[in-house]
Amino acid sequence: SHPIHIPEIMLSRFIRRTGAVIQRRTFASGITRLHAEHPNMCQTVVHESTGVVYLAGQVPDDYSLDAKGQTKEVLSKIDTLLEEVGSDKSKLLSAQVWVKTMDDFGAVNEIWQGWVDPENKPCRAAVEANMAHPDILVEVMVTASK
């Protein structure tokens with residue numbers, strides 16, 4: 001079987017709009033990996049034959065924001081990564097949410113509820129967790145279909 005490649009028109013529109021530099025590798029197994037510059041992981045994996053999209057856990061770029069601000073930034077990053085591969089939040093299958101303290105759980109949920117497609121909510125788990133950096137308040141990882 002031949003891997004299905006992400007349409008160049010979609011990638012070129014995204015690159016033009018954002019100025020992003022994308023490293024993309026498609027393997028004979030039909031797995032496409034995007035943003036694989038990090039030594040430990042890539043940001044997006046697409047299993048082409050099933051159309052399943054896996055995103056790495058997304059954290060904010062601005063650690064000085066409060067929980068609401070960090071959540072908005074993280075969800076925006078998820079929107080961008082899903083758009084790159086022809087998906088969107090209406091196609092979410094599952095989500096994992098980590099919050100530094102459950103004291104912020106209500107604030108995170110408020111932003112989540114305003115963002116998630118109410119007709120297509122994913123399965124979701126949310127837990128309190130220690131983060132990779134002490135100023136990260138929220139991290140979200142999703143799986144979606146194309």
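The values are calculated or read from the model by the stated rules, or taken from the named source; none is laboratory data. Model, not experiment: these values are computed from the prediction. We place every Cβ from the backbone using ideal geometry, glycine too, and count neighbours over all the protein chains shown. Areas reflect the complete protein model, heavy atoms only, side chains present, ligands, DNA and RNA absent. Shrake-Rupley method; radii C 1.70, N 1.55, O 1.52, S 1.80 Å.
If a residue counts only when it is at pLDDT 95 or above and under 25 Å from ALA132 (Cβ atoms), which strands (runs of 3 or more DSSP E) contained entirely in the stretch 8-82 have at least 2 such residues? Step through it out loud before you land on a result.
Values: elements: 24-26, 31-34, 44-47, 52-55.
Because the criterion is at least 2 residues that are at pLDDT 95 or above and under 25 Å from ALA132 (Cβ atoms), the strands (runs of 3 or more DSSP E) in the stretch 8-82 that meet it are 44-47, 52-55.
What are the pairs with Cβ atoms under 8 angstrom where one residue, in the stretch 48-76, is open to solvent by less than 60 Å² (accessible area, probe 1.4 Å) and the other, located anywhere, is among the charged types (D, E, K, R) and assigned to a loop (DSSP other than H, G, I, E, B)? Sequence gap at least six, or different chains.
GLY51/LYS146; VAL52/LYS146; VAL53/LYS146; GLY69/ASP62; GLN70/ASP62; GLU73/ASP61; GLU73/ASP62
What tally of residues in the stretch 116-130 results from selecting those that are surrounded by fewer than 17 Cβ atoms within 10 Å (Cβ to Cβ) and either touching a residue at least 60 places away in the same chain (Cβ under 8 Å) or within 14 Å of ALA67 (Cβ to Cβ) (or both)?
Residues flagged as surrounded by fewer than 17 Cβ atoms within 10 Å (Cβ to Cβ) and either touching a residue at least 60 places away in the same chain (Cβ under 8 Å) or within 14 Å of ALA67 (Cβ to Cβ) (or both) within the stretch 116-130 amount to 2.
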